[in-house]
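**Q** To start, I am sharing the structure in question, which I have written as structure tokens.
The values are calculated or read from the model by the stated rules, or taken from the named source; none is laboratory data. Treat the numbers as computed from the prediction; the structure is a model and nothing was measured. Note that each Cβ is placed from the backbone with ideal geometry, even for glycine, and that neighbours are counted across all protein chains shown. Side chains included, ligands, DNA and RNA excluded: accessible areas come from the protein's heavy atoms. Shrake-Rupley method; radii C 1.70, N 1.55, O 1.52, S 1.80 Å.
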Amino acid sequence: DVKVTQSSRYLVKRTGEKVFLECVQDMDHENMFWYRQDPGLGLRLIYFSYDVKMKEKGDIPEGYSVSREKKERFSLILESASTNQTSMYLCASRGRGAADTQYFGPGTRLTVL
Amino acid sequence: AQTVTQSQPEMSVQEAETVTLSCTYDTSESNYYLFWYKQPPSRQMILVIRQEAYKQQNATENRFSVNFQKAAKSFSLKISDSQLGDTAMYFCAFMKHGEDDMRFGAGTRLTVKP
């Protein structure tokens, strides 16, 4: 049974705090993704990684950074959280084949006060 | 950049009836993939169905089928014999062949009523 897990389902942080969101997959997938989900906007890609230590900016990378030191783990970092980063964050992973299915984690609902 | 449009923010259907969710996309590419994902309340997003643009035949997965109109850039999802468990957000997504990232629409919230 394939699995993508995220470190927290719910997180509350204060403005200015540094926030780490962790994602782990057990499918040996090369590609991993971080999305932000907001009502009426769907899923917007923040960053993705196609290999260890490799990363590519998505549509909305400002205010975020990522780290991929191991193949199974992809971290999203908010260097200084702001209230407009309150959102649902979804992690996903997918193999290298174009026809491979993309699997999602359960999401982390982050509230920045 | 490719865009994906879902024009129906919310829909409802009676149990056992059929419902169609709309999706249009904009691209100049000829080789790409289209997807419908389902996100049940408080549960993980899962793939419902996938269509490869070079295939003429519409994809089908049990009660779920698509109407893929390549010239019109339309990719609708039909759910037959709707069940209460079909209540979810449905997202249409596009991925260009040879690329890694997927583009999503804004989603349609479907409620199946008993």
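**Q** For the range A:1-87, run through the GluC sites (Glu not before Pro) and keep only the ones in DSSP coil with at most 14 other Cβ atoms within 10 Å of their Cβ.
**A** In loop regions of the range A:1-87 (DSSP not H, G, I, E or B), the sparsely surrounded GluC sites (Glu not before Pro) are A:E17, A:E62, A:E79.
**Q** If we sort B:9-20, B:101-112 on the protection proxy, mean other Cβ atoms within 10 Å, highest first, what's the order?
**A** B:101-112, B:9-20
**Q** Over its Cα atoms, what ratio of radius of gyration to 2.2 N^0.38 Å does the protein assembly as shown give?
**A** Numbers: Rg = 17.5 Å, N = 227, 2.2 N^0.38 = 17.3 Å.
Compared with the compact-globule rule of thumb, the protein assembly as shown sits at 1.01.
**Q** First compute the accessible area of chain B with a 1.4 Å probe, then give the percent of it belonging to carbon and sulfur atoms.
**A** In chain B, the share of accessible area belonging to carbon and sulfur is 42 percent.
**Q** Just by accessible area at a 1.4 angstrom probe, what is the order of B:I46, A:I46, A:I60 from largest to smallest?
**A** B:I46, A:I60, A:I46
**Q** Per-residue mean of other chain beta-carbon atoms within 10 angstrom of the beta-carbon, peptide A:43-50?
**A** 3
**Q** Could you tally the net charge around B:P114, taking each other residue with its Cβ under 15 Å from the Cβ of B:P114, Lys/Arg +1 and Asp/Glu -1?
**A** Charge balance in the 15 Å sphere: -3.
**Q** For the range A:1-63, build the charge dipole from Cβ charges (+1 Lys, Arg; -1 Asp, Glu) around the Cα centre, then report which of A:M54, A:F20, A:W34 sits farthest towards its positive end.
**A** So the residue furthest toward the plus end is A:F20.
**Q** Let me check I have the definition right: for chain A, take the eigenvalues of the Cα gyration tensor, multiply each by 5, take square roots. What are those semi-axes in whole Å, largest first? Walk me through the numbers before you get to the answer.
**A** Details: eigenvalues 103, 38, 35 Å².
In descending order the semi-axes read 23, 14, 13 Å.
**Q** Let me ask you something else. Decide, for chain B, between rounded, prolate and oblate: order the square roots of the alpha carbon gyration tensor eigenvalues as a ≥ b ≥ c, take rounded if a/c falls under 1.5, and otherwise choose prolate if a/b is larger than b/c, else oblate.
**A** prolate
**Q** Looking only at other chains, what is the average number of their beta-carbon atoms within 10 angstrom of each beta-carbon in A:9-20?
**A** Working: counts 1, 0, 0, 0, 0, 0, 0, 0, 0, 0, 0, 0.
Across the residues of A:9-20, the mean count of other-chain Cβ atoms within 10 Å is 0.
**Q** In addition: Within a 10 angstrom radius of each residue's Cβ in B:97-105, how many Cβ atoms of other chains show up on average? Whole number is fine.
**A** 6
**Q** With the other protein chains left in place, how much accessible area per residue, in square angstrom, belongs to chain B at a 1.4 angstrom probe?
**A** For chain B, the solvent-accessible area averages 49 Å² per residue.
**Q** Rounded to the nearest percent, how much of the accessible area of chain A (1.4 Å probe, protein heavy atoms only) is carbon and sulfur?
**A** On the way: 2630 of 5350 Å².
After summing per-atom areas, the C and S share lands at 49 percent.
**Q** What does the buried accessible surface come to for B and A, summed over both chains, with the probe at 1.4 Å? Round to 100 Å².
**A** Numbers: alone 6510 and 6200 Å², together 10990 Å².
That pair of chains buries around 1700 Å² in total.
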